[in-house]
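Q: First, the structure itself, so that you have it in front of you.
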Amino acid sequence: MLQVIHTIDRFTTWVGRSFAWLILLMAFGMGYEVLSRYLFGAPTAWAYDMSYILYGTLFMVGGAYTLSRNAHVRGDFLYRLWKPRTQATVELTLYLLFFFPGILALVFAGGKYASRSWQYMETSVFSPAGIPIFHFKTMLVVGGVLMLIQGIAQVFRCLVCLRTGEWPADVRDVTELEDQLLEQANQSDGNNPLDNASTIGGNER
């Protein structure tokens with residue numbers, strides 16, 4: 001199971017980092033629009049469409065990467081107090097009852113939605129340039145499939161935790177400051193972690 005988890009995590013990481021470059025394209029496009037509109041009085045017909053398509057694609061495709069980092073919003077004021085096996089039991093139940101049915105509904109409904117869009121080569125009615133959006137709607141299916149694949153890895157994590165009593169190691173490329181402070185507090189045997197907050201944050205950057 002650990003091999004499956006690591007393989008899926010590596011794939012999700014590759015996809016997430018690849019699509020992250022859309023942020024630079026979006027920033028360039030919006031920067032160009034601002035200069036063109038306010039300095040030269042010549043707004044573009046494509047900047048708005050580019051911004052919502054790129055952002056929407058990044059949002060949908062990046063969901064699996066975020067899940068692999070355990071970074072989705074969670075009301076964990078109780079969760080963090082539970083033992084690992086209790087956490088794994090609750091997570092596994094929620095994945096089976098809510099996550100997979102919801103993601104499967106997204107994939108099948110999104111597939112029908114995208115299929116109709118491809119049939120008549122749908123274009124945006126809100127775009128002065130009349131840009132095609134059938135490829136954009138396909139991202140609903142792509143994002144759903146990626147979430148489904150990563151969900152399998154998360155279920156395997158729960159099963160490993162139930163068997164061993166410890167969560168398998170996550171892939172870490174970004175760490176929140178709160179987690180760094182908690183780790184620093186555990187290592188310093190009671191010293192105030194806030195004393196090193198600025199140093200920790202600076203090193204992370």
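The values are calculated or read from the model by the stated rules, or taken from the named source; none is laboratory data. No experiment lies behind these values; they were computed from the predicted model shown. For neighbour counting, all protein chains shown are included, and Cβ atoms are generated from backbone atoms with ideal geometry for every residue, glycine included.
Q: Suppose we filter Val73, Val155 for residues that are without any contact (Cβ under 8 Å) to a residue 40 or more places away in the chain, of a type in the set (A, V, I, L, M) and out of contact with any strand residue (DSSP E or B) (no Cβ under 6 Å at 6 or more places or on another chain); which single one remains? Even if it seems obvious, please write down each step before you answer.
A: Values: Val155 fails: without any contact (Cβ under 8 Å) to a residue 40 or more places away in the chain.
Of Val73, Val155, the one residue that is without any contact (Cβ under 8 Å) to a residue 40 or more places away in the chain, of a type in the set (A, V, I, L, M) and out of contact with any strand residue (DSSP E or B) (no Cβ under 6 Å at 6 or more places or on another chain) is Val73.
Q: Name the residues in region 116-133 that are over 13 Å from Ile53 (Cα atoms) and touching a residue at least 40 places away in the same chain (Cβ under 8 Å), would you? It would help to see each step written out before you state the result.
A: Initial filter on region 116-133 (over 13 Å from Ile53 (Cα atoms)): 116-122, 125, 128-130.
The answer is Pro128, Ala129.
Q: Please go through region 53-76 and pick out each residue that is at pLDDT below 90 and surrounded by fewer than 16 Cβ atoms within 10 Å (Cβ to Cβ).
A: Within region 53-76, Asn70, Ala71, His72, Val73, Arg74, Gly75, Asp76 qualify.
Q: With the requirement that a residue be in a helix (DSSP H, G or I) and hydroxyl-bearing (Ser, Thr, Tyr), what does region 1-59 give you?
A: The first filter runs over region 1-59 and keeps only residues in a helix (DSSP H, G or I), leaving 2-19, 22-38, 47-59.
Result: Thr7, Thr12, Thr13, Ser18, Tyr32, Ser36, Tyr38, Tyr48, Ser51, Tyr52, Tyr55, Thr57.
Q: So which residues in region 141-173 are charged (D, E, K, R) and under 16 Å from Arg85 (Cβ atoms), if there are any at all? Outline the logic, then answer.
A: So in region 141-173, the residues charged (D, E, K, R) come out as 157, 163, 166, 170, 172-173.
The answer is Arg157, Arg163, Glu166.
Q: Further question on the same structure: When you look at Thr89, is it surrounded by 12 or more Cβ atoms within 10 Å (Cβ to Cβ) and more than 22 Å from Gly130 (Cα to Cα), yes or no?
A: Values: surrounded by 12 or more Cβ atoms within 10 Å (Cβ to Cβ): yes; more than 22 Å from Gly130 (Cα to Cα): yes.
Taking the combined requirement at face value, the residue satisfies it.
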